[in-house]
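Engineer: I have a structure here, written as structure tokens, and I will follow up with some questions on it.
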Amino acid sequence: MREFLRSWLGRHLAAILVLKLAALVALWAAFFSAPAGADADAVARALVAPTDATAKDNR
């Protein structure tokens, strides 16, 4: 393993993996770290009640 990390390819791949991990952590922190505030009643209405578009299609 040490011989691989001493080579140019090993260092390059390790750097790319570190950059990808940093990008994934940044995306998670920006978009997924806080739970979405959803009211249970609003979610139930959205899932159960048909929207105008689906009501028109079913006629």
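Engineer: Could you please tell me which pairs satisfy a Cβ distance under 9 Å, a separation of 6+ or placement on different chains, a first residue in the stretch 15-39 that is touching a residue at least 60 places away in the same chain (Cβ under 8 Å), and a second residue that is surrounded by 10 or more Cβ atoms within 10 Å (Cβ to Cβ)?
Structural biologist: The qualifying pairs do not exist here.
Engineer: Can I ask one more? Can you tell me which residue in the stretch 16-44 is nearest to the chain's Cα centre (by Cα), limited to those that are surrounded by fewer than 10 Cβ atoms within 10 Å (Cβ to Cβ) and not hydrophobic (A, V, I, L, M, F, W, C)?
Structural biologist: Among them, the one singled out is S33.
Conditions tested, residue by residue: (1) modelled with pLDDT of 80 or more; (2) not in a helix (DSSP H, G or I).
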residue: L24; (1), (2): yes, no
residue: A30; (1), (2): yes, no
residue: G37; (1), (2): yes, yes
residue: A55; (1), (2): no, no
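The values are calculated or read from the model by the stated rules, or taken from the named source; none is laboratory data. All figures in this text were calculated on a predicted structure; none of them were measured in a lab. Neighbour counts are summed over all protein chains in view; Cβ atoms, including those assigned to glycine, are modelled from backbone coordinates with ideal geometry.
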